2 protein chains.
Amino acid sequence: MNFLNEVAGRFPGAVSLAAGRPADHTHDVEALHSHLRTYCAHLRDARGYDEREVARELFQYGRTKGVVHELIAAGLRVDENIDADPESVVVTVGCQEALLLTLRALRRDAADVLLAASPMYVGVIGAAALVDLPVVPVPEGPDGLDPGDLRDAVRAARDRGLRPRACYLVPDFANPSGTTLPVEVRKELLALADDEDFLVLEDNPYGLFPLGEERLPTVKSLDDRRRVVYLASLAKSCFPGARVGFAVADQVVRDRRTGARRLFADELAKLKSMATVNTSPIAQALVAGRLLEHGGSLLAGTAADRAAYRRNLRLLLDGLARRFPAGGGHGVSWNSPGGGFFVVVTVPFVADDAALERSARAHGVLWTPMSHFYPAGGGERQLRLSCSAVGPDGIEDGLDRLAAFITTSTERGVG
Amino acid sequence: MNFLNEVAGRFPGAVSLAAGRPADHTHDVEALHSHLRTYCAHLRDARGYDEREVARELFQYGRTKGVVHELIAAGLRVDENIDADPESVVVTVGCQEALLLTLRALRRDAADVLLAASPMYVGVIGAAALVDLPVVPVPEGPDGLDPGDLRDAVRAARDRGLRPRACYLVPDFANPSGTTLPVEVRKELLALADDEDFLVLEDNPYGLFPLGEERLPTVKSLDDRRRVVYLASLAKSCFPGARVGFAVADQVVRDRRTGARRLFADELAKLKSMATVNTSPIAQALVAGRLLEHGGSLLAGTAADRAAYRRNLRLLLDGLARRFPAGGGHGVSWNSPGGGFFVVVTVPFVADDAALERSARAHGVLWTPMSHFYPAGGGERQLRLSCSAVGPDGIEDGLDRLAAFITTSTERGVG
């Protein structure tokens with residue numbers, strides 16, 4: 001994504017419908033002080049720590065798997081109906097490190113591969129590249145991954161002498177596609193993972209932000225055979241600056257050297273000790289303090305964010321519909337995500353980096369070429385719009401600019 | 001080190017001369033609030049940020065290479081006479097991530113190897129294992145690495161078809177050996193690196209803590225040909241709980257795909273975006289705030305620590321000398337580090353994990369078997385003592401217990 005950052009840097013006045021970061025409307029530095037005090041009070045009151053122990057927990061090295069694992073496990077029970085043993089939780093430096101450790105643990109030799117719903121989050125492409133784990137893209141349909149397609153991809157990989165270890169996906173309001181996996185498909189996915197012996201890597205950064213009132217059960221909450229490694233970011237549900245995420249890895253695995261049985265979480269922890277040693281306990285304290293201030297529930301803590309993101313997504317979808325009315329012969333279409341930050345727009349020209357450059361220069365609007373999310377090619381005439389980091393005015397202004405860009409590009413017959 | 005943590009957990013009453021963590025005598029939670037306020041004031045006063053910008057810097061994602069790079073570069077100039085372009089600084093999740101990214105960047109294929117002064121820090125063994133980079137140990141002498149030995153090892157590796165990319169060492173008060181590289185040898189090392197075309201990875205966690213008044217110049221400060229990647233932890237000079245370290249990587253490298261020239265730091269940043277995205281800006285703010293409170297100098301900020309570690313190391317060395325007097329026929333000897341946290345004791349029996357278990361159980365004292373620091377074998381009759389996390393009473397008590405353990409083990413003729 002370096003090119004995208006570079007374009008954004010060169011056109012600071014452009015409206016960004018590219019940035020997928022959370023909004024910063026709720027951020028007040030004093031809140032950090034409060035979160036820290038809340039967590040320290042928790043250590044004193046709930047854990048009986050004296051001042052020396054409180055200080056030691058924050059200033060010193062800490063447990064490799066993290067120090068807020070019990071609060072995270074309790075929150076998962078309340079918010080997601082996930083029954084996680086706190087010992088199976090590994091607190092990480094953002095979800096990215098959780099992904100990195102998981103993929104590294106799965107990559108034993110050159111025969112191991114990762115399957116991933118395509119288009120896919122660039123972070124999974126990066127983490128897999130870092131640990132030399134090849135990625136086999138499995139194309140999504142409008143309702144996300146199709147279990148039949150996935151089964152075919154698993155078997156085809158196996159026929160080529162490869163070992164499909166896991167399938168990565170974002171079941172709720174995926175980045176970039178916005179798709180959501182129906183409940184029945186979640187169950188089929190679990191059955192398939194069990195039949196074909198692979199893990200499901202469920203990444204869930206956006207599940208708290210549905211467009212409607214209903215939220216689907218996470219795949220992990222349906223997982224009665226420990227087939228799912230649940231990966232979570234607290235960047236969207238708390239704030240990115242803490243850089244705290246986690247994995248729930250409750251699989252029982254055998255140590256390849258000693259044959260001893262242990263939790264997959266402990267295998268991840270061993271790798272974590274080689275990567276970052278432990279996650280800053282102060283950063284953990286900040287997100288845990290925020291969690292405690294909302295009764296231990298991320299769902300409760302994100303009520304205002306949920307309302308804002310819901311409003312933004314509706315504005316974005318309504319705004320597209322107004323600017324590109326049905327039957328208008330404009331050749332522009334888009335999907336209707338059930339929540340999250342992203343909408344995919346299909347246009348009648350190639351929406352590549354050069355088109356983005358034109359869009360930024362001539363129309364002052366930024367978006368993300370979908371081709372960046374297809375490691376093996378695809379999405380050439382699609383672009384991703386994000387509505388998380390802009391306000392209502394920015395969305396309207398950005399869509400006006402985007403409509404002008406699309407009209408111009410279509411007329412010029414670019415691509 | 002899992003076994004060591006496990007032993008420590010089973011014998012909580014034992015005196016630990018094993019733990020290499022910094023002392024926690026200077027830690028007060030209120031200091032965290034102060035550090036954060038100091039950094040926010042700096043953003044307002046020195047960078048002209050308004051409240052919204054201050055909040056955004058702390059709460060949001062940030063620059064991949066970090067946000068406190070200018071303060072770090074300024075501190076290196078004052079404290080270490082290192083003239084680092086701030087753009088060559090990559091702020092990382094502790095020194096461990098700096099090591100991980102550097103080794104990953106150096107490992108292109110199976111022919112690449114890392115040379116490392118042996119015995120070596122377990123973190124380098126771990127990071128190299130994580131990125132599948134083989135380590136060639138180069139035995140240290142009493143004054144650390146011998147450039148002649150290193151040259152022979154480089155050439156021998158090359159003769160075997162390998163590509164020695166770098167040599168890792170801790171030139172000042174190494175962990176675990178306590179050795180220090182003389183100034184002349186530092187210069188020879190740089191000349192050798194230039195002649196034989198490899199990088200020097202200088203890890204410097206302990207340089208601020210000499211036993212005497214004098215500090216030797218870092219290898220990086222002598223490096224006029226950009227041969228040194230400087231790796232630093234702020235765990236000992238600030239506090240471990242922030243998990244902040246950094247690399248100075250001012251080499252100009254060519255992108256293998258595009259041929260474009262760029263800083264090695266930017267190559268590390270690209271890998272960092274795949275590993276942890278960025279280092280928590282709040283964690284960076286905490287260490288930067290502490291740095292600012294001491295005029296931007298880690299040397300100034302560690303005056304009390306320096307005095308305490310100096311006292312502890314003297315007590316440890318004097319205490320060993322009193323308990324094992326010269327000519328006593330006890331077969332016990334030790335080195336005399338010029339600073340840092342560690343002393344290596346040679347004993348007339350095998351000091352392995354089983355011996356540690358006996359020591360903990362029967363004598364209530366913990367230490368570290370040196371064999372853990374030799375990936376290819378060695379150090380069987382040596383143990384590492386650390387004096388960083390204990391006070392004067394602990395050192396005396398621990399040494400009494402250790403002397404009893406050593407005497408008993410020698411009499412039993414164990415090993």
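Only the coordinates and a few stated rules stand behind these numbers; no lab work does. Small disclaimer: the values here were computed from a predicted structure and weren't measured. Using ideal geometry, Cβ is built from the backbone for each residue, glycine included, and neighbour counts are taken over all protein chains shown.
Distance from the alpha carbon centroid of the range A:106-145 to that of the range A:1-17 works out to 27 angstrom.
The convex hull around the C-alpha trace of the protein assembly as shown, projected and averaged over every direction, spans 34.8 square nanometres.
Overall, the anisotropy analysis places chain A in the oblate class: the square-rooted eigenvalues a ≥ b ≥ c of its C-alpha gyration tensor yield a/c not less than 1.5, with a/b not exceeding b/c. Each residue, A:Ala307 and B:Thr410, gets one label point 7 Å from its Cα in the Cβ direction; the gap between the two is 7.6 nm. In terms of surrounding Cβ atoms within a 10 Å radius of their Cβ, B:Asp393, A:Asp305, B:Asp149 rank from fewest to most as B:Asp393, B:Asp149, A:Asp305. With springs connecting C-alpha atoms under 10 Å apart, model chain A as a Gaussian network and identify which of A:Leu201, A:Leu263, A:Leu383 has the largest mean-square fluctuation. Highest fluctuation among the options: A:Leu263. Ranked by how many other Cβ atoms sit within 10 Å of their own Cβ, fewest first, the residues A:Thr102, A:Thr408 fall in the order A:Thr408, A:Thr102.
Given R₀ = 60 Å, FRET efficiency for A:Arg77-B:Arg261 by Cβ-Cβ distance, to 0.05? Efficiency for this residue pair is about 0.70.
What average count of beta carbons from other chains do you get within 10 Å of the Cβ of residues in B:239-248?
Partner Cβ neighbours, averaged per residue: 5.
Projecting 7 Å from Cα along the Cα-to-Cβ direction, the label point of A:Arg256 sits 2.2 nm from its equivalents in the other copies, listed shortest first.
Electrostatic bookkeeping for A:Leu286 treats Lys and Arg as +1 and Asp and Glu as -1; over the other residues with beta carbon under 12 Å from its beta carbon, the sum is +2. Computed on the range B:29-301, with alpha-carbon pairs under 8 angstrom and 6+ residues apart, the relative contact order is 27 percent. Beyond 26 Å in Cα-Cα separation lie the following of the pairs A:Lys272/B:Lys220; A:Lys220/A:Lys272; A:Lys236/B:Lys65; A:Lys236/B:Lys272: A:Lys272/B:Lys220. For the pair the range A:378-415 and the range B:282-341, the centres of their Cα atoms are 60 angstrom apart. Residues in the range A:343-358 carry Karplus couplings, in order, of 10, 9, 10, 9, 10, x, 7, 6, 9, 9, 4, 5, 5, 4, 4, 4 Hz; the curve used is 6.51 cos²θ - 1.76 cosθ + 1.60 with θ = phi - 60°, and Gly or Pro positions show x. Ordering A:Ala191, A:Pro147, A:Tyr121 by the projection of their Cα atoms onto the charge dipole of the range A:29-301, which places +1 on the Cβ of Lys and Arg and -1 on the Cβ of Asp and Glu, puts A:Tyr121 at the extreme positive end. Near A:Asp255, once Lys and Arg are set to +1 and Asp and Glu to -1 for all other residues with Cβ below 11 Å from its Cβ, the sum equals +4. The Cβ shell under 11 Å around A:Asp112 holds other residues with a net charge of +3, Lys and Arg each +1, Asp and Glu each -1. Distances between copies at B:Gly9, taken between label points 7 Å from Cα along the C-beta direction, are 4.4 nm in increasing order.
Of all the options B:Leu385, B:Leu103, B:Leu133, the one that moves most in a Gaussian network model of chain B with Cα springs shorter than 10 angstrom is B:Leu133. For chain A, a Gaussian network of Cα nodes joined below 10 Å ranks A:Val29, A:Val122, A:Val89 by mean-square fluctuation, and the top entry is A:Val29. Summarising the label geometry, the points placed 7 Å from Cα in the beta-carbon direction at B:Asp194 and B:Arg226 lie 1.4 nm from one another. Among B:Trp334, B:Trp367, the order by Cβ neighbours within 10 angstrom, fewest to most, reads B:Trp334, B:Trp367. Applying the criteria of a DSSP loop state and at most 13 other Cβ atoms within 10 Å to the trypsin sites (Lys or Arg not before Pro) of the range B:28-76 yields B:Arg47. Within chain A, what's the longest stretch lacking GluC sites (Glu not before Pro) that sit in DSSP loops with no more than 12 other Cβ atoms inside 10 Å? That would be A:1-212.
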